[in-house]
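The values are calculated or read from the model by the stated rules, or taken from the named source; none is laboratory data. Computed from a predicted model, the values in this text were never measured in an experiment. A quick note on method: Cβ atoms are made from the backbone with ideal geometry, for glycine too, and the neighbour counts reach across all protein chains shown. We work out accessible area using only protein heavy atoms, side chains counted, and drop any ligands, DNA or RNA first. Shrake-Rupley method; radii C 1.70, N 1.55, O 1.52, S 1.80 Å.
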Amino acid sequence: MSTLFSKIIDGEIPGEFVYQDEHLVVIKDIYPKAPVHVLMIPRKPIINLDDLCPEDQTLMGYMMLKVPEIAAQLGLDKGYRTILNTGKGGGQEVFHLHIHILGGAEALPFT
Ligand code: AMP
């Protein structure tokens, strides 16, 4: 089943891309909780951390290393918050793994 984020990645519904490569995309969150709020999403439709398999190890490492690059690109030189919600009980609403990157404010909300 195609996820909301797969549809954005495939151009079926609009998204505001700030970065993309062969492994992942970064889009602006449609309901930003901070002056800067983007979502890093792997092109592979992994549901969440519970859905990871050993073959995803390289991809997840790639994403972690890409976070500070994106944060720098977005001017978050004073720091930023990363959030990765897993499952309904963890606040996950879109079941396609994504890392929230938030920043640009003195105090950030819990998301
Ligand atoms: P989560 O609760 O971790 O699953 O986060 C899902 C995030 O996706 C929320 O912060 C939403 O604001 C965001 N979101 C929902 N629909 C869209 C959309 N069409 N484009 C960009 N972000 C979205």
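A few comments on the model shown:
- Scanning the range 86-111 for residues that are open to solvent by 20 Å² or more (accessible area, probe 1.4 Å) and either within 10 Å of the ligand (Cβ to nearest atom) or not in a loop (DSSP other than H, G, I, E, B) (or both) yields Thr86, Lys88, Gly89, Gly90, Gly91, Glu93, Val94, Phe95, Thr111.
- Considered as a group, the residues in the range 1-15 that are away from the ligand (no atom under 11 Å from the Cβ) and of a type in the set (Ser, Thr, Tyr) include one that is surrounded by the fewest Cβ atoms within 10 Å (Cβ to Cβ), and that residue is Ser2.
- Taking each residue of the range 78-99 that is on the phi > 0 side of the Ramachandran plot and looking for partners that are open to solvent by 20 Å² or more (accessible area, probe 1.4 Å) and of a type in the set (Ser, Thr, Tyr) with beta-carbon atoms closer than 9 Å, six or more apart or interchain, yields Gly91/Thr111.
- Residue list for the range 16-43, restricted to those being open to solvent by 80 Å² or more (accessible area, probe 1.4 Å), away from the ligand (no atom under 13 Å from the Cβ) and in a strand (DSSP E or B): Gln20
- Scanning the range 51-85 for residues that are closer than 17 Å to Ile101 by Cβ and not in a helix (DSSP H, G or I) returns Leu74, Gly75, Leu76, Asp77, Lys78, Gly79, Tyr80, Arg81, Thr82, Ile83, Leu84, Asn85.
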